[in-house]
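Here the structure comes first, spelled out in structure tokens, and everything after it is commentary.
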Amino acid sequence: MDLLRYILLLRRWIWLLLLAPILSGGATYFISREMSPVYQASTKLLIEQASTGSAATDYSAILSSERLARTYAQLLTTRPILSEVIGVLQLQTTPDVLAEQVTVTPLRDTQLIVVTVEDSDPARAALVANTLAEVFNTRNRLSQSERFVESKVSLEQELVKLQTDIDSTQLAINGLQGAASQAERSRLQDRLAQYRTSYATVLKSLEEVRLAEAQQTSGIRAAEEAVAPLLPVRPRIAVNTALAAVVGLLLAVGLALLVEYLNDRVTTSEEAAALLTTSALASVGNVEGKTPGEKLVSLHRPYDRASEAYQMLRVLLEIARFEQPLQTLLVTSSNPGEGKSMTAANLAVTMARAGKRVVLIDADLRRPTLHHYFNHHNARGLTTALIRDPSMGVEEHLQNTKLDNLVLLPSGPSPADPAALLSSSRMVALIDYFKQRADLVIFDSPPLLAVAETTVLAHNCDATVLVMRSGVTRSSALRRASELLDQSGCKLAGVVLNRAAKDQSGSGYSGYYYGKVQEQPKLLERLFGGRRRNKDEAHGAVESAGVLGTSSEYHNSTRSK
């Protein structure tokens with residue numbers, strides 16, 4: 001049953017489960033096609049970290065490397081770098097806009113940085129990525145070399161001065177002549193040696209500064225230059241369409257489950273039976289017909305699928321085990337518009353066709369409809385029978401039908417207080433009167449939750465059939481109706497589902513031959529012997545039961561009708 005329930009749920013919402021992915025996927029497909037393609041180019045940069053002077057790589061060096069990578073990743077997207085890239089490439093953009101196109105990602109556990117640039121032009125994306133790395137590397141080296149500029153300038157100036165002194169001293173030595181200048185020559189040669197020693201010392205210091213600059217300057221170089229991509233990264237039409245379809249399907253499933261969770265409407269007779277712990281008597285499909293008379297399928301179309309459902313209802317009621325013989329049956333519903341009158345009329349016809357003497361009573365005094373099913377007037381009926389003059393017989397308020405075994409007691413004129421009339425002792429006496437003369441008395445009552453008199457009427461009946469409408473009747477209304485029946489002391493025989501789906505309606509087969517119904521004497525004649533002179537006998541039981549008299553004015557009005 002759980003599997004069947006899920007199958008029915010799937011069938012009920014299959015249109016949404018198909019429509020939602022189609023709409024979401026289709027809309028995403030057309031939107032993606034209209035979007036401008038975006039290309040992505042990436043370059044990998046290797047960080048050339050300055051030497052720490054230690055041969056061993058310790059934890060501090062690792063932290064330093066990671067911090068340097070994160071620092072460079074932030075510096076690569078600073079405004080000065082981006083502005084210089086824009087100037088070099090003559091781009092028609094701003095640093096803020098270009099920053100949104102650039103993504104810098106340090107690769108974990110490596111000394112690599114990936115610079116990714118997105119652009120609508122694939123060649124320009126690759127050019128910006130490579131130029132960005134070059135501009136940053138140049139500016140970074142210039143920034144770090146500024147620490148050694150002063151020392152190098154000072155040493156270079158000292159070398160120039162020493163070179164000048166060396167040159168002038170060498171010229172002076174070359175200009176000396178004769179023995180008298182021997183002492184001067186020795187002095188100048190000693191000075192020249194000192195100058196050359198100082199020059200060598202200063203030159204060594206300059207080389208050391210330059211070496212320190214080279215060793216202590218960190219930089220980057222391109223490990224893999226960016227190339228112009230062939231395919232765009234956005235929009236990914238196929239992926240977007242598939243994802244949108246999946247999301248649409250998930251939303252449809254969620255919506256369907258939410259609606260089913262919030263919706264307490266009953267759709268199957270088995271569901272209602274399980275809810276009320278009772279029997280599912282019948283599931284009747286949609287009965288075609290514009291007028292109530294056309295919906296009396298048990299009389300006009302006995303081989304219809306709906307007629308067979310009413311046949312199954314009759315069989316199940318006949319074989320049901322009640323605490324006492326089933327002589328009076330109440331047909332009601334929880335709310336109006338659920339098909340109780342149609343069920344009562346068709347059930348009465350089906351019972352009569354089976355050979356039972358049936359009296360069908362329209363006890364819905366507020367909105368009577370049974371007389372429309374049999375094309376009769378409603379001038380006389382239940383109300384006039386209850387307040388009739390003692391000299392009048394009950395048979396005068398009954399109406400024959402096309403079936404010999406079935407008579408109809410319409411509601412009659414609407415009374416001022418239906419609840420008081422149906423709960424009076426006259427009603428009890430009238431029910432006992434019909435029970436003595438008919439095999440089954442069927443009452444079409446008002447809805448249980450709409451008025452109060454139905455509960456009183458159910459108390460006087462042997463069993464009740466609760467009618468509901470598929471997809472309309474709520475489980476809360478069914479539970480409340482069942483509680484009212486329990487309080488009235490009436491046994492709930494089971495539930496009947498109207499407007500059931502095609503796979504739920506009927507009795508499981510397409511039709512069978514009922515045979516010709518044996519002609520029976522008129523039920524009115526069998527009830528009252530056909531003797532108008534004995535009409536006092538017809539209502540004697542009612543009078544003996546204590547039926548109260550009524551006003552003569554109402555009697556006169558009913559006689560005139």
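Each residue of the range 93-101 was assigned a 3J(HN,Hα) from its phi angle through the Karplus expression (A = 6.51, B = -1.76, C = 1.60, θ = phi - 60°), giving 7, 10, x, 5, 5, 5, 4, 6, 8 Hz with x at Gly and Pro.
Between residue 168 and residue 379, the distance separating the two model label sites (each 7 Å from Cα on the Cα→Cβ line) works out to 15.3 nm. Any of 295/491; 295/435; 290/340 with alpha carbons more than 21 Å apart? Name them for me. Where the Cα-Cα span goes over 21 Å, the pairs concerned are 295/491; 295/435. Within the shell of other residues whose beta carbon sits under 12 angstrom from the beta carbon of residue 340, the net charge comes to -2, with Lys and Arg scored +1 and Asp and Glu -1. Distances longer than 19 Å among the Cα atoms of the range 337-455: what percent of all pairs is that? Taking all Cα-Cα pairs of the range 337-455, the fraction more than 19 Å apart is 42 percent. On a per residue basis, the range 226-293 carries 60 Å² of accessible surface, using protein heavy atoms and a 1.4 Å probe.
If you wrap the tightest convex hull around every Cα atom of the range 237-282 and split its volume per residue, you get 78 Å³. Residues in the range 353-490 average 33 Å² of solvent-accessible surface per residue, probe 1.4 Å, ligands and nucleic acids excluded. Taken about its Cα centre, the range 373-429 carries a charge dipole of roughly 80 debye when the Cβ of each Lys and Arg holds +1 and the Cβ of each Asp and Glu holds -1. State the percentage of accessible surface on the range 257-395 attributable to carbon and sulfur atoms; use a 1.4 Å probe and exclude ligands, DNA and RNA. On the range 257-395, the fraction of accessible area on carbon and sulfur atoms equals 50 percent. Using R0 = 30 Å, the C-beta based FRET efficiency linking residue 200 and residue 176 works out to 0.75. Shape class for the range 254-357, computed from the alpha carbon gyration tensor (a ≥ b ≥ c): oblate, with a/c not under 1.5 and a/b at or below b/c.
The values are calculated or read from the model by the stated rules, or taken from the named source; none is laboratory data. These numbers were taken from a predicted model, which means no experiment stands behind them. Neighbour counts run over all protein chains shown; Cβ positions are idealised from the backbone, glycine included. Ligands, DNA and RNA are stripped out before the accessible areas are found, and what is left, the full protein with its side chains, is counted by its heavy atoms. Shrake-Rupley method; radii C 1.70, N 1.55, O 1.52, S 1.80 Å.
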